[in-house]
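Comments concern the structure below.
The values are calculated or read from the model by the stated rules, or taken from the named source; none is laboratory data. These numbers come from a predicted model, not from an experiment. Here Cβ is always computed from backbone atoms with ideal geometry, including for glycine, and neighbour counts include all displayed protein chains. Quick note on the areas: whole protein, heavy atoms, side chains included, nothing else; ligands and nucleic acids left out. Shrake-Rupley method; radii C 1.70, N 1.55, O 1.52, S 1.80 Å.
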Amino acid sequence: MTLTLSRKTLMVRTLVAAIGASFASGCAVDPATGQPSFKETFASDDPCSQNARNIGIGVGVLAGALLGRQVGGDNKGLLVGAALGGVIGGLIGNDIDKRRCELAKIAKQYQLDVKVTSLDSKGEAIPAGDDAKARQDTAGSVVEVRDPAGAGGHFESNSDQLTPRARLYFAAIADTYDLRKSAAAIQDPKLRQQYLDKMAQRKLLLVGHTDDTGSSRLNADLSERRARTVSRFMQEHGVPAASLYFQGAGEFYPMASNETEEGRAQNRRVDIVELSDKASFDNYLAARRPRVEFYRQAVNQAEADAAASQPTQPATRMSSSVTPRAHSSTARKNGNNTAGKDEGAPASDTAAVASGKASTPTTASARPGAGIGGNWIDFGGAPLVASNEVAGIGKVESRKPFFSLISPAYADEPPVLADCTRDRPRAANSVKALADGRTYRTSEHIPGLYGKTWTDQVNGHQVVINRIAVLAGDGALATPPEFKVYKNYDAARRGNAKPDVTLQPEVNTYLGSKGLLYRVFLRGQGGMQCADIVFDSQGATTAKTGRLVYLRASTPYVADFKPKMYQ
């Protein structure tokens with residue numbers, strides 16, 4: 001027993017000594033005391049400090065020790081592994097430190113606004129000042145690059161071509177990610193190869209962002225082309241195409257209010273996201289949430305006029321008093337455009353609505369076959385009255401924001417969530433691989449929302465939505481749906497039924513802790529404006545609640561709409 005304890009004691013002491021020796025060359029001195037400083041070593045505010053290198057050594061030593069113990073099976077294996085892990089960790093950390101320092105110099109030279117935020121292995125921001133978190137779990141970073149207002153911008157107007165000035169500073173930025181230069185400085189061939197093998201797991205995502213002026217769809221598409229341009233620039237400067245991804249996020253992830261020019265300037269940016277491996281990359285994509293309080297409300301004059309003329313009319317609302325943060329999309333990031341089965345053929349629709357599984361009318365004023373007039377459809381609802389109540393999807397689970405400058409305190413009730421007439425479609429494209437252009441998918445679907453048909457009968461009219469598909473990780477829309485309405489539906493004539501309205505609507509999705517708000521924009525077809533459906537994010541065959549907004553003589557009305565899944 002004594003011998004065993006002595007060996008363990010020796011092992012621990014030797015390991016501690018190895019860690020201490022590894023840190024020695026990178027330990028910083030407090031200028032005030034002249035003594036080694038823990039903060040300056042691991043959490044210095046100086047962008048040219050060696051924080052990440054020192055953190056990498058520590059984490060690498062510990063990880064390497066565990067690996068060496070498993071492989072070697074004895075104390076010698078542990079120590080060899082610790083030494084090797086410390087060296088690799090230090091080299092990777094040195095890359096991060098060197099890049100942070102060089103980016104600070106580039107920003108100064110070209111008068112850019114550059115911000116670097118460290119990320120942990122869960123893809124979440126490491127708060128400034130959280131030294132313990134930084135020491136244990138740094139897995140990457142987000143680099144935000146903005147060209148200050150009036151300096152010309154990154155790209156030519158309405159183009160994906162970099163300006164001559166932008167080509168200079170993006171070339172300098174891209175060079176900081178070139179592994180060939182880092183590897184060339186490693187003298188030992190085996191160590192160099194091990195470093196390259198480790199860094200081959202790295203993922204780099206280029207994200208283009210815009211403000212919310214103009215067409216959301218055009219902004220998303222233009223920002224995608226621009227992100228692809230920068231990712232190709234990275235490839236030209238030594239980053240393997242297999243490690244590169246790009247996304248056109250458009251207006252989807254605002255960092256500031258779009259109400260002011262200063263806020264819009266902050267929102268126009270390019271992000272370079274670096275993660276150490278696939279797992280942390282996937283976690284980052286799932287952890288992202290937009291700041292919904294910065295979404296500007298759409299102006300609905302018809303609703304405002306109706307509310308002013310009928311101040312005492314009771315509102316027809318979704319029952320809720322909860323306050324979610326939201327997540328929305330229109331066929332966008334991480335989506336799987338082939339998810340689910342296309343059940344949009346008329347035969348499948350009529351089978352769904354006539355099988356006895358379709359729900360009965362749910363509104364108090366429902367009268368089958370009533371209210372058809374002109375080009376609008378009467379769904380038997382009541383006048384819509386403005387309300388600040390929010391759909392019952394709960395609050396988003398407590399998660400650190402993915403940018404450290406974002407406060408975790410979100411607006412209690414973002415007005416855009418109150419009802420669909422205050423919202424508008426907000427487009428953002430998928431994350432795609434530079435190598436082949438394919439969409440990068442990170443998660444499975446929410447149970448029940450994997451391409452199935454959902455249907456409800458509203459005032460005698462059968463409403464069918466085909467291909468409802470939403471991803472579980474972040475609530476992203478996986479497949480654009482198909483929306484149909486059969487006026488005065490008669491089950492006895494189902495074999496000959498043809499839809500009176502057929503369209504492919506745009507959709508926003510908002511994910512909360514208690515459910516998913518699926519918001520459909522109907523473009524005025526049959527007088528229909530939009531529809532909100534709340535689904536159980538854990539899976540169910542009937543929607544939790546919902547409503548359909550339509551116009552009647554230019555006045556907005558709202559009817560209950562609670563579809564069931566056709567099985």
#### Entry: So Ala151, is it modelled with pLDDT under 85 and either outside any helix (DSSP H, G or I) or under 23 Å from the mean Cα position of the chain (by Cα) (or both)
yes
### Task
Return the total of residues in segment 447-461 being open to solvent by 30 Å² or more (accessible area, probe 1.4 Å) and out of contact with any Phe, Trp or Tyr (no Cβ under 8 Å at 6 or more places or on another chain).
2
### Query
Taking only pairs six or more apart or across chains, which ones have beta-carbon atoms under 9 Å, a first residue in segment 473-496 that is within 15 Å of Leu449 (Cβ to Cβ), and a second residue that is at pLDDT below 85 and among the aromatic types (Phe, Trp, Tyr)?
none
### Query
So which of Glu236, Glu303, Glu259 ends up being within 19 Å of Arg424 (Cβ to Cβ), at pLDDT below 95 and open to solvent by 30 Å² or more (accessible area, probe 1.4 Å)?
Glu259
### Task
Could you list all residues from segment 411-427 that are open to solvent by 20 Å² or more (accessible area, probe 1.4 Å) and in a helix (DSSP H, G or I)?
Pro415, Arg422
### Task
Output the residue which, of all residues in segment 155-172 that are open to solvent by 40 Å² or more (accessible area, probe 1.4 Å) and assigned to a helix (DSSP H, G or I), is farthest from Arg99 (Cα to Cα).
Pro164
### Task
Say whether the condition of being within 30 Å of Ala286 (Cβ to Cβ), in contact (Cβ under 8 Å) with a residue 60 or more places away in the chain and either surrounded by fewer than 20 Cβ atoms within 10 Å (Cβ to Cβ) or touching a helix residue (DSSP H, G or I) at 6+ places or on another chain (Cβ under 8 Å) (or both) is met by at least one residue in segment 551-563.
yes
### Summary
Note on segment 197-209: residues open to solvent by less than 60 Å² (accessible area, probe 1.4 Å) and at pLDDT below 95 are Met199, Arg202
### Message
Asp456 - would you say it is without any contact (Cβ under 8 Å) to a residue 24 or more places away in the chain and acidic (Asp, Glu)?
### Response
no
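For segment 528-550, enumerate the residues that are open to solvent by 10 Å² or more (accessible area, probe 1.4 Å) and either over 11 Å from Cys420 (Cβ atoms) or within 21 Å of the chain's Cα centre (by Cα) (or both).
Residues of segment 528-550 open to solvent by 10 Å² or more (accessible area, probe 1.4 Å): 529, 536-542, 544-545, 547.
The answer is Asp536, Ser537, Gln538, Gly539, Ala540, Thr541, Thr542, Lys544, Thr545.
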### Query
Is at least one residue of segment 211-218 closer than 22 Å to Val273 by Cβ, open to solvent by 30 Å² or more (accessible area, probe 1.4 Å) and either free of Cβ contacts under 8 Å to residues at least 40 places away in the same chain or not aromatic (Phe, Trp, Tyr) (or both)?
no
### Query
Any chance segment 502-519 includes a residue that's open to solvent by 50 Å² or more (accessible area, probe 1.4 Å), in a helix (DSSP H, G or I) and modelled with pLDDT under 95?
no
### Message
Would you confirm whether or not segment 470-481 contains a residue that is open to solvent by less than 20 Å² (accessible area, probe 1.4 Å) and touching a helix residue (DSSP H, G or I) at 6+ places or on another chain (Cβ under 8 Å)?
### Response
yes
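Having 1 or more residues that are acidic (Asp, Glu) is the bar; report the helices (runs of 4 or more DSSP H) wholly within segment 174-279 that clear it.
On the way: elements: 179-184, 189-199, 216-236, 261-267.
Answer list for segment 174-279: 189-199, 216-236, 261-267.
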### Query
Checking Tyr486 against (1) among the hydroxyl-bearing types (Ser, Thr, Tyr); (2) touching a Gly at 6+ places or on another chain (Cβ under 9 Å); (3) buried (at least 23 other Cβ atoms within 10 Å of the Cβ), which single condition isn't satisfied?
(2)
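Being surrounded by 16 or more Cβ atoms within 10 Å (Cβ to Cβ) and either free of Cβ contacts under 8 Å to residues at least 24 places away in the same chain or hydrophobic (A, V, I, L, M, F, W, C) (or both) is the filter; apply it to segment 102-112 and report the residue that is nearest to Tyr177 (Cα to Cα).
Filtering segment 102-112 down to residues surrounded by 16 or more Cβ atoms within 10 Å (Cβ to Cβ) leaves 102-103, 106-107, 110, 112.
Narrowing the set further to residues that are either free of Cβ contacts under 8 Å to residues at least 24 places away in the same chain or hydrophobic (A, V, I, L, M, F, W, C) (or both) leaves 103, 106-107, 112.
On the way: Leu103: 11, Ile106: 14, Ala107: 16, Leu112: 18 Å.
So the residue we want is Leu103.
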### Query
Within segment 428-446, can one find any residue that is out of contact with any strand residue (DSSP E or B) (no Cβ under 8 Å at 6 or more places or on another chain), open to solvent by 10 Å² or more (accessible area, probe 1.4 Å) and not charged (D, E, K, R)?
yes
